[in-house]
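All of the numbers you see were taken from the coordinates with simple rules; none came from a lab. All values derive from a computational prediction rather than experimental measurement. Here the Cβ positions follow ideal geometry from the backbone for every residue, glycine too, while neighbour counts run over all protein chains shown.
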Amino acid sequence: MEGRKRCPDCEEEKDVSEFGLNKRMADGLARYCRTCFRRRSIQSYRKRKEEQGKAVREAVAVPDGHKYCPRCEEVKPVADFGGNRSTRSGLAAYCKPCHTIVTRENKIKKYGSERNYLLQYRYGITEDDFERMLARQGGLCAVCQNVPGTFVDHCHRSGAVRGILCFNCNNGLGHFGDNLVLLELAALYLDGEVLWPEFVVLPERRDGGVVPPTRGYHLAQRYQVRHEDVERMISAQHGLCVVCWDRPPEHVDHCHRTGDVRYALCLPCNTGIGQFRDDAGVVWRALAYVEAGAGDAGEALVPELEVSDAELEALVRAEEELRSEFYGRVTRVG
């Protein structure tokens, strides 16, 4: 649009580009220029807020590369503000320290406490639910039943909360990945029974490399064995952990009661057994606990489907291919 127009508020004649659009006006332009329109809008906004009994803070002059935090009432560099893509500036309303405080206050205001918020966000339970579950367990860990329960345990597959565990048992389940087979193998191992497999996937050949001079001293002082003894033991284990038979062994495992060296284990199995206090009974209870949790979650009802002869043949071929692929990867050791 070309031409000029007079603003009745500032009584100045300005170019039409200084006016906004308004379809209701005859000329299609706003009644007031942009500057006067903005001033009138601010005055109207302040008047409405005053009628509501609310104060409107004055605008603060902010230099380039800075932003005003309304909570601490300080002008700070934009680097002190977090990101927020929903705002025009792309920055959070409060500086980082204030944002942390405001977030915590909002959690307490809405959920009663930050812990209650985390319990609801992560597990879908409240602090009251937590206390009731712990009371049903007698205040003790649901697995070892020896120390107070402090951590919420849940199934990582279904998300269902199973019980309240102590730090060690919760970590022990995590190291074994809630795997029922691994837990049973670990329990048998602690009972003195190692299940030697018939087939294994052999790892890459170990490169002995340079043995640190401290390794021999460490093995002799802690386990009364030599580096060569450990290498022979690992070789007899086909280069694999004797619990999971899936990963190379990294640690010498020994009985913490007698001090006798048992075998070489991978890090997760060795740490998991340690978290369960080297107690086979605790591992058996952990196995029963995970099994019970899986039962409580319930199995999905799979309707019986009619399978055609062609589909059955395809399934048989797929199974044969998987079997062939398996035997192509493994080595018979039993």
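Some observations on this one:
- Phi-derived couplings, Karplus 6.51 cos²θ - 1.76 cosθ + 1.60 at θ = phi - 60°, listed residue by residue for segment 109-114: 5, 8, 10, x, 6, 5 Hz, with x used for Gly and Pro.
- Each residue of segment 159-173 is assigned a 3J(HN,Hα), and the resulting list reads x, 6, 6, 9, x, 10, 10, 7, 4, 5, 5, 4, 5, x, 4 Hz, derived from the Karplus form 6.51 cos²θ - 1.76 cosθ + 1.60 (θ = phi - 60°), x at Gly and Pro.
- Computed log10 I(q)/I(0) for segment 117-297 at 0.14, 0.15, 0.17 Å⁻¹: -0.81, -0.89, -1.04, from the Debye equation with unit scatterers placed on every C-alpha and solvent omitted.
- Note on segment 117-297: with charges restricted to the Cβ of Lys and Arg (+1) and Asp and Glu (-1), its dipole about the Cα centre is near 320 debye.
- For the chain, the mean residue ellipticity at 222 nm estimated from helices alone is -13500 deg cm²/dmol, where every DSSP H run of n ≥ 4 contributes -39500 (n - 2.57) and the total is divided by all residues, rounded to the nearest 500.
- Among the GluC sites (Glu not before Pro) within segment 155-205, those in coil by DSSP and having at most 12 neighbouring Cβ atoms inside 10 Å are E193, E198, E204.
- The trypsin sites (Lys or Arg not before Pro) found in segment 131-182 that occupy coil by DSSP, while having at most 16 further C-beta atoms within 10 Å, are R157.
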